[in-house]
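Just below is one structure, and these are the notes that go with it.
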Amino acid sequence: MNLQTLVVVLLRLVSLNFLLGAAAQFAPLVLRAYQQSQPGELNGSLEMLWFLATGLGAGAVLLWLFAPSIATLITRGQPLELSFGTLSLADCYSIAFIGVGLFYWVGHAAPVLNWMHYLLRMAASHSVDNWKEQVQWYNVTQPFFSFVLGIILFVNGRRWGVALARRHSEQTPPTTPPVEMGNP
């Protein structure tokens, strides 16, 4: 593996973290704005939320797509060969996906458990569903969304890492020097 490939993996890790963070922050806000808007009425705050979420998502996607070009700029003039032993590109991508997934999963487990306990106590202490109006659902959905995304990344990390490494290998030309014809 070379330095440029490692920088691509790290840039994509940052992109993934940025995308998940933006999704975790904006999804509950958009859901809340939809609930508060009237049918058929244009809501300026909802449009602004969609604009910001789309812009941040597009920024993360662009960072993902242009990671090889950015890595080329970053590593220009540096020796490219690194030795990680038997660590392959698929292993690096897998570690990145599983690491980010574990970060979100473990980082949001305590708030999820806390909210589950709170919601169960509220449901058990009320005979009707009017307790749901007292809950700030934005605060509930944010840790649940991040927690579920973390589990998805953790569970699928190896499969996605292998698929990305295979795709990266298909797109990258071989680095062996051309063989001259005519010289015996």
Number of the condition not met by ALA24 [criteria: (1) within 13 Å of the chain's Cα centre (by Cα); (2) of a type outside the set (D, E, K, R); (3) at pLDDT 80 or above; (4) crowded, with 16+ Cβ neighbours inside 10 Å]: (3)
Hits in the range 112-163 - residues which are more than 24 Å from the chain's Cα centre (by Cα) and among the aromatic types (Phe, Trp, Tyr): TYR118, TRP131
Verdict on VAL140 being more than 30 Å from ASN2 (Cα to Cα), modelled with pLDDT of 90 or more and surrounded by 14 or more Cβ atoms within 10 Å (Cβ to Cβ): no
Condition met for GLU47 (exposed (fewer than 13 other Cβ atoms within 10 Å of the Cβ) and either at pLDDT 80 or above or out of contact with any strand residue (DSSP E or B) (no Cβ under 6 Å at 6 or more places or on another chain) (or both)): yes
Hey, ARG121 of a type in the set (Lys, Arg), more than 20 Å from PRO28 (Cβ to Cβ), part of a helix (DSSP H, G or I) and without any contact (Cβ under 8 Å) to a residue 40 or more places away in the chain or not: yes
Residue count for the range 55-79, restricted to those that are surrounded by fewer than 14 Cβ atoms within 10 Å (Cβ to Cβ) and at pLDDT below 85: 4
Near pairs, Cβ below 9 angstrom, 6+ apart or cross-chain, from the range 155-184 (modelled with pLDDT under 75) to any residue that is of a type in the set (S, T, N, Q) and outside any helix (DSSP H, G or I): THR175/ASN2
Test: residue in the range 82-90 that is assigned to a helix (DSSP H, G or I) and at pLDDT 75 or above: yes
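The values are calculated or read from the model by the stated rules, or taken from the named source; none is laboratory data. Quick caveat: nothing in here was measured; it's all calculated off a predicted structure. Here the Cβ is made from the backbone with ideal geometry for all residues, glycine too, and neighbour counts use every protein chain on show.
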